[in-house]
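Colleague: I'd like to ask some things about the structure below.
The values are calculated or read from the model by the stated rules, or taken from the named source; none is laboratory data. Everything numeric here is computed off the predicted structure, so don't read it as measured data. Note: ideal-geometry Cβ built from the backbone for every residue, glycine included; neighbour counts use all protein chains shown. Heads up: the accessible areas ignore ligands, DNA and RNA and are worked out on the full protein's heavy atoms, side chains in. Shrake-Rupley method; radii C 1.70, N 1.55, O 1.52, S 1.80 Å.
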Amino acid sequence: DSRNNLLKVIGNIRSLAVSGVIADIMLAVGQKEEGRRICKEILTAMEGGEVVEALAQRLKADKDPDIHDYCLDVLASMSRPSNVQALNSLLISDGRDTVQAAVANGLSNIGDSKACLTLADNAETNLYCSTALENVRSPYAQKTLAEIASGSGGRKARVAAIGALGFYEGPEVKNVLEMLWEKEKDGLIREAIRKSLFGDDLNGTKPGNPP
């Protein structure tokens, strides 16, 4: 429809200046929730790193807590794979907990291969990233999560990826988890596998047996 077409057109405008103007409009409309909602919808539809940079600039320049909250909310709702590189840069450059949490959630929301790998790369030292990785629900993430769970990531990343896989359905996921169970020696990772296969049922100790 016309609304989606408009979002698509605006989303393809990769401009720091344009992103900044839209962000400023969002911040200028005050408590008018509908106006901010529309601006947020536009910003989260925008491709590239420019929109992330525009929000990061406002986070650094303005001390108003309301402005911070709105910018963080938009960052946590990013949706384009082309945002990932800039989000990773912000993760590295701004160590504030609020920013770290928002960026990690944005990467989780995107949930493609690059986003998952970025979270996995930081999961060992960043609780926000390990938690966000476990919360990935993207249909495009299953293969990458399986690779991380199988050993391409660190211990915390593997546990988080295994936890995320527990929310995916289908024989492919079950097969991956059962194969991991057969060869895995690490008790923490085995417990994560058990939970993904059986939930909180303490009797579900062997894949293949019904809980």
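Colleague: Tabulate in residue order the Karplus-calculated ³J(HN,Hα) for the stretch 125-133, using 6.51 cos²θ - 1.76 cosθ + 1.60 with θ = phi - 60°, rounded to whole Hz; enter x for Gly and Pro.
Modeller: Once rounded to whole Hz, the list reads 10, 10, 4, 4, 6, 5, 5, 5, 5.
Colleague: Sticking with this one: Just name one of 48, 120, 71: the one whose Cα is farthest towards the positive end of the charge dipole of the chain (beta-carbon charges, Lys/Arg +1, Asp/Glu -1).
Modeller: 120
Colleague: Just to confirm, what accessible area per residue do you get for the stretch 66-205 at 1.4 Å probe, in whole Å²?
Modeller: It amounts to 48 Å² per residue over the stretch 66-205.
Colleague: Take the residue pairs 114/185; 40/114; 63/195; 114/174; 143/183; 40/63 and return only those whose Cα atoms are more than 31 Å apart.
Modeller: 63/195
Colleague: Ignoring solvent entirely, what values of log10 I(q)/I(0) come out of the Debye formula for the chain at 0.10, 0.12, 0.15 Å⁻¹ when each Cα is a single scatterer?
Modeller: -0.49, -0.66, -0.89
Colleague: Identify which of 165, 188, 55 has the largest mean-square fluctuation in a Gaussian network model of the chain, with springs joining Cα atoms closer than 10 Å.
Modeller: Comparing 165, 188, 55 in a Gaussian network model of the chain, the most mobile one is 188.
Colleague: If you average the C-alpha positions of the stretch 72-103 and of the stretch 130-144 separately, how far apart do those two centres end up, in angstrom?
Modeller: Cα centres, the stretch 72-103 to the stretch 130-144: 16 Å.
Colleague: Only four residue types carry charge here, +1 at the Cβ of Lys and Arg and -1 at the Cβ of Asp and Glu. Report the dipole size of the chain about the Cα centre in Debye, rounded to the nearest 20.
Modeller: My answer is approximately 280 debye.
Colleague: A follow-up question, please. Measure nothing fancy, just the Cα-based angle from helix 16-28's long axis to the longest principal axis of the chain, in degrees from 0 to 90, nearest 10.
Modeller: Compared with the principal axis, the helix lies near 80 degrees.
Colleague: Determine the gain in length on full extension of the stretch residue 21-residue 178; use 0.36 nm per residue of separation and subtract their C-alpha separation, reporting nm with one decimal.
Modeller: Answer, rounded to one decimal: 51.4 nm.
Colleague: Step through the residues of the stretch 108-123 one at a time and calculate ³J(HN,Hα) from phi using the Karplus curve (6.51 cos²θ - 1.76 cosθ + 1.60, θ = phi - 60°), rounding each to whole Hz and writing x for Gly and Pro.
Modeller: 5, 5, 5, x, 8, 4, 5, 5, 5, 5, 4, 5, 5, 5, 9, 5
Colleague: Go ahead and estimate [θ] at 222 nm for the chain from helices alone: -39,500 (n - 2.57) per DSSP H run with n ≥ 4, summed, over the residue count, rounded to 500.
Modeller: -20500 deg cm²/dmol
Colleague: With every protein chain left in place, what is the accessible area of residue 108 in Å² (1.4 Å probe, nearest 10)?
Modeller: Here the residue's solvent-accessible area equals roughly 10 Å².
Colleague: Once both axes come from the Cα atoms, what is the angle between helix 155-165 and the longest principal axis of the chain, in degrees from 0 to 90, rounded to 10?
Modeller: Long axis of 155-165 versus the principal axis of the chain: about 90 degrees.
Colleague: Along the positive direction of the dipole of the chain (beta-carbon charges: Lys, Arg +1; Asp, Glu -1; about the Cα centre), which of 139, 59, 22 reaches farthest?
Modeller: 139
Colleague: What spacing in nm lies between the two simple spin-label points modelled at residue 89 and residue 185, each 7 Å away from Cα in the Cβ direction?
Modeller: Distance between the two pseudo-spin positions: 4.3 nm.
Colleague: Working from Cα positions, state the angle (0 to 90°, nearest 10) between the long axis of helix 84-93 and the longest principal axis of the chain.
Modeller: That helix lies at roughly 90 degrees to the long axis.
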